[in-house]
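To keep things clear, I will list the structure first and then write my remarks on it.
The values are calculated or read from the model by the stated rules, or taken from the named source; none is laboratory data. All of these numbers come straight from a predicted model, not from anything done at the bench. Quick reminder, even Gly has a Cβ in these numbers, built from the backbone with ideal geometry, and neighbours come from all protein chains shown. When the accessible area is computed, the model is the full protein with side chains, heavy atoms only, and any ligands, DNA or RNA have been set aside. Shrake-Rupley method; radii C 1.70, N 1.55, O 1.52, S 1.80 Å.
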Amino acid sequence: MSKPYHHGELRNALIAAGTAALEETGNADISLRETARRAGVSPTATYRHFASKETLLATIAGNGFVDLGQRFAEAEDGLAGFGRAYIGFARDRPAMFQLMFGGAYSIGTLSEGEQKVGHNAYGVLIDAVAKHAELPPDDPKVLRRAVRVWSLVHGYAMLLLDDRLPDAAQSDAFLTEMLSQN
C-alpha cells in the first residue's frame, strides 16, 4: 500500500505560490486552483489552510504589511523617511501594494497577528507625525495630521504607480518638500 503524499510546508508553499502569482500577473485575480498547481498539490489541498481565496489574499497582504513595517524600521526618522519608505515599497512591489490597500479582502479576514502588524505600521506614522509636530502621540491633532500625511503619501504613490505625475514631481526632493509642509 502506498503512503499518501504529505506536503510538510503546504501553508507556506501556498503563500509563496500565491505571492508569486500576484507579482507575476500584477493583480489579485489569482485562483486557489492556480495557486495549488504552482505549489504542486491538488486544488482541494488548499482548503486545509485557506477557507477561500479571500483568506489566502489576506494572508499574502499580511506578509506585505510585515515587509512594509520592515521598510519603516530601516527608514530614517521623520515624515520624509516614512514617505520614502512607503513610496519605495509601492514602486518596488506595486501588485502587493494594490492588494494591501485595495478591496480584494476584508480587514476582518486578517488574523490577529496580521492586524497587529498593520497597526504597528500605522503606529510608525503616528510617531513620526507626533515627533514632527512636537506633540504627544495621543493628541487629537496628531491623528488629523497623520491621516492627512497618509492620504498625501498614499495618493502620491497611487499617482506614481498609474504614471500620472509630471516628471518634475517624481523626485525625493519634491516629496520631502511636500511632507515638510504638513
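Taking a ≥ b ≥ c as the square roots of the eigenvalues of the Cα gyration tensor, the range 124-182 is prolate, since a/c reaches 1.5 or more and a/b is larger than b/c. Atom-type composition of the exposed protein surface of the range 99-141 places 56 percent of the accessible area on carbon and sulfur (1.4 angstrom probe). Amide hydrogen proximity for residue 31: with H placed 1.01 Å from N in the peptide plane, no residue at 5 or more positions away or on another chain lies under 5 Å. Within the same chain, aspartates and glutamates fewer than 8 places from residue 53 are excluded, and of the rest, those with a Cα less than 12 Å from its Cα are 29, 34. Here residue 180 and residue 24 are evaluated by their C-beta separation; at R0 = 45 Å the FRET efficiency comes out at 0.75.
Quick check for you: with a 1.4 Å probe and neighbouring chains kept, what is the accessible area per residue of the chain, in Å²?
Spelled out: the 1.4 Å probe surface of the chain, per residue, equals 56 Å².
Under the convention that each Lys and Arg Cβ holds +1 and each Asp and Glu Cβ holds -1, the size of the dipole of the chain around its Cα centre is about 660 debye. log10 I(q)/I(0), Debye, Cα-only the chain, no solvent, q = 0.09, 0.10, 0.12, 0.13 Å⁻¹? After summing over all Cα pairs, the log10 values are -0.39, -0.47, -0.63, -0.72. Any idea which of 43, 70, 107 is furthest toward the positive side of the dipole for the chain, if Lys and Arg beta-carbons carry +1 and Asp and Glu beta-carbons -1? Looking along the dipole axis, the top candidate is 43.
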